[in-house]
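Note sheet for the following structure.
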Amino acid sequence: MSSNNFSRTGFILAAIGSAVGLGNIWRFPYVAYDNGGGAFFLPYLIALLTTGLAILALEFSIGTKYRGSAPLTYARIGKGKKFEFIGWLSVLLTLGITTYYPIIIAWAILYMLYSLNLSWGSEAGDFFYTDVLHLGDAANIFNLGDFIPQVLAALAVVWLIVGIVLLAGVKKGIERASKIMIPLLLVLFIIFVIRAVTLEGASVGLNAFFTPSWDEIFKPSVWIAAYGQIFFSLSLCMGIMITYSSYLPRHAEIGSSALITGFANSSVELLAGFGVFGALGFMATMKGVSIADVATSGPGLIFAVFPEIISQMPFAQFFGVLFFLCIVLAGITSLISLMEVAVLAFSDKFKLKRRTATWCVMSFSLILSIPYATGSGLYILDIVDYFVNNIVLIFAAILTVLVNGYISKTFKDTQTHLNTYSNVSFGLWWSICIKVITPFILILTFVLNIGDNLAENYGGYADLFIYTLGWGTVAFYVIGSIILTNLPWHKSIKVKDYNFETDPEEAV
């Protein structure tokens, strides 16, 4: 086996590490609670079976068949430049995420230290927004304010860890880190969840989380939320799964690997639901309020609500460190996968050595992550993250399923390759999922998102910030993808005449 190849176990753990990220913990529980509670699991399961597993299998198939980065894979699918744009759009959107994802991990590192003496005191929300973030005025985002030294220091630690892993390579770096971090994350998180569900009042939160509101599942918005959650949490159409699967041995099994990755991710999301709502039930009981008064999502849940919950727990310091270490591990494994998409893409396109490509990509992301360590950091993160995930990613996903399902004329070849190297069969139902169900849901979601943004500015932000940080980010990704697509491939890279069975694996 090549030193650039994953073992099957390493690949599955790395894929799970990419999928299991911050969204599993701070997004899924609230989305489920807000969209029918226990009833939400029906559309969620259908979304997993019809879109999540279907696209995972698709990306695993084209990744192993064309054996390259996302841009190189789509260049080989189109035997030229006509589909390469999709690959670069995925690369740039993941690269954009790597500019703000590290800052969240940096906050979690700080909170591991704050947990030792419960530094947030009795006003955890004020501590987070004022003492940690130095949050400025949302009406004047471009007045960044001062850089926050402790956040910058934690950010440097994040980049040091990621750099060490990426520079070590695929097998000695990413696979080795995944084999350590993912089992450790699961063990620590299970310990925290067990503690959360045994707290006084935990049953109140769990009842709120699991009690079904069956009338909710007749609302289109609930189904869109279910498909959106599956899509985002599995890192679909971001180039990650194509990149990782390209590191598998040439004839590796891929079908059951997709099933294992998908169900493992959903299992962690369900586990997060137990932990989060068990803890919220405890908090609601202590305060004498309803779950609706304490339930929230996003950074506020992790860094404002949970510290307050942790303070009330027996052995608070221990469980504080444990919880925020879980956040760090989940964030680091996802950040590594996001970075690897760009590292391989630029390495392929310009035939750069891995070390050179890693330094270039890291330098770009590191520099652009620094403004997030200012008083405007949270606002910038909020706007950029929304437009990346709700506009650019959905657009890239639409192109992905349309090109692979209809336009490229290689769908049957992809399906044959998938079934050749799978222990399970992907037949008519898989074709319907890729060609009909998923495009319909994605196009509907995209149209609704565009409509919402034309009707009113996201988050109530001023036009200036929406047009520059929001639509400006979208324009940057599209224009950048066009430019990169039109740059020539290094002469040693086979595109039009690539042959899966005979051509050697690319060295990374």
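The values are calculated or read from the model by the stated rules, or taken from the named source; none is laboratory data. Predicted, not measured: the structure shown is a model, and the values here were computed from it. Glycine gets a Cβ as well: all are built from the backbone with ideal geometry, and neighbour counts include every protein chain shown. Ligands, DNA and RNA are excluded from the accessible area calculation, which covers all protein heavy atoms including side chains. Shrake-Rupley method; radii C 1.70, N 1.55, O 1.52, S 1.80 Å.
Rg and Dmax of segment 314-427, both derived from C-alpha coordinates alone, stand at 20.1, 61 Å.
Sorting 286-293, 141-148, 220-227 by their mean Cβ neighbour count within 10 Å, with the most densely packed peptide first, gives 220-227, 141-148, 286-293. The convex hull of the Cα atoms of segment 193-265, projected and averaged over all directions, covers 7.7 nm². Between helix 255-287 and the chain there is an angle of about 10 degrees, using the helix long axis and the longest principal axis of the Cα atoms.
The gain in end-to-end length when the TRP471 to TRP359 segment is fully stretched comes to 37.5 nm, 0.36 nm per residue minus the alpha carbon separation. Note on segment 254-303: Rg/Rh from Cα positions, Kirkwood definition for Rh, rounded to two decimals, is 1.20. Between the C-alpha center of segment 223-275 and that of segment 48-120 there is a gap of 11 Å. When only the Cβ of Lys, Arg, Asp and Glu is charged (+1, +1, -1, -1), the dipole of the chain relative to its Cα centre reaches about 2220 debye. Relative contact order, whole percent, for segment 259-322 stands at 21, derived from Cα pairs under 8 Å and 6 or more residues apart. The slack in the chain from ASN140 to LEU184, taken as 0.36 nm per residue of separation less the alpha-carbon distance, amounts to 11.7 nm.
Each 10 Å bin from zero up to the one holding the largest Cα-Cα distance in segment 391-432 carries the following percent of pairs: 26, 45, 25, 3. Computed over all pairs of different Cα atoms, the Kirkwood value for the hydrodynamic radius of segment 154-295 is 18.3 Å. Using heavy atoms of the protein chains and a probe of 1.4 Å, the accessible area assigned to HIS251 is about 100 Å². With the convex hull drawn over the C-alpha atoms of the chain, the volume per residue is 134 Å³.
What a 1.4 Å probe finds exposed on segment 28-71 is 65% carbon and sulfur by accessible area, rounded to a whole percent. Taking a straight Cα-Cα cut-off under 22 Å and skipping sequence neighbours fewer than 8 places away in the same chain, no lysines fall within cross-link reach of LYS219.
Short-range pairs are left out: with C-alpha atoms under 8 Å and at least six residues apart, the relative contact order of segment 365-508 is 32 percent. Once the Cα atoms are used to define both axes, helix 377-387 deviates from the longest principal axis of the chain by about 50 degrees.
Of LYS412/LYS494; LYS82/LYS412; LYS79/LYS179; LYS82/LYS172, which ones are farther than 25 Å apart at the Cα? In this structure, LYS79/LYS179; LYS82/LYS172 exceed 25 Å between Cα atoms. Here the Debye sum runs over all C-alpha atoms of segment 207-248 as equal scatterers in vacuum, and log10 of I(q)/I(0) at q = 0.18, 0.19, 0.23 Å⁻¹ comes out as -0.66, -0.69, -0.82. In summary, the convex hull built on the alpha carbon positions of segment 376-468 has an orientation-averaged projected area of 8.1 nm². With the largest listed first and rounded to whole Å, the semi-axes of the equivalent ellipsoid of segment 23-140 from the Cα gyration tensor are 39, 23, 14.
The ALA316 and LYS491 beta-carbon pair, evaluated with R₀ = 56 Å, returns a calculated FRET efficiency of approximately 0.40. Of the accessible area of segment 344-383, computed with a 1.4 Å probe over protein heavy atoms only, carbon and sulfur atoms account for 75 percent. Expressed as a fraction of 2.2 N^0.38 Å, the C-alpha radius of gyration for segment 433-490 is 1.53.
Using 0.36 nm per residue and subtracting the Cα-Cα separation, the extra length available between LEU428 and LEU464 on full extension is 8.1 nm.
Tell me, rounded to the nearest percent, the portion of alpha carbon pairs in segment 255-395 spaced more than 22 Å apart. Result for the distance tail: 59 percent. I'd like the orientation of helix 8-19 relative to the chain: the angle between its Cα long axis and the longest Cα principal axis, in ° from 0 to 90, rounded to 10. Around 50 degrees separate the two axes. For the chain, the solvent-accessible area with a 1.4 angstrom probe is 37 square angstrom per residue. Diffusion coefficient (Stokes-Einstein, Kirkwood radius over C-alpha pairs, 37 °C, 0.692 mPa s) for segment 21-68: 263 µm²/s, rounded to a whole number. When you restrict to C-alpha pairs under 8 Å that are six or more residues apart and normalise by the size of the chain, the relative contact order lands at 34 percent. Distance between the C-alpha centres of segment 3-47 and segment 141-210: 15 Å, rounded to the whole angstrom.
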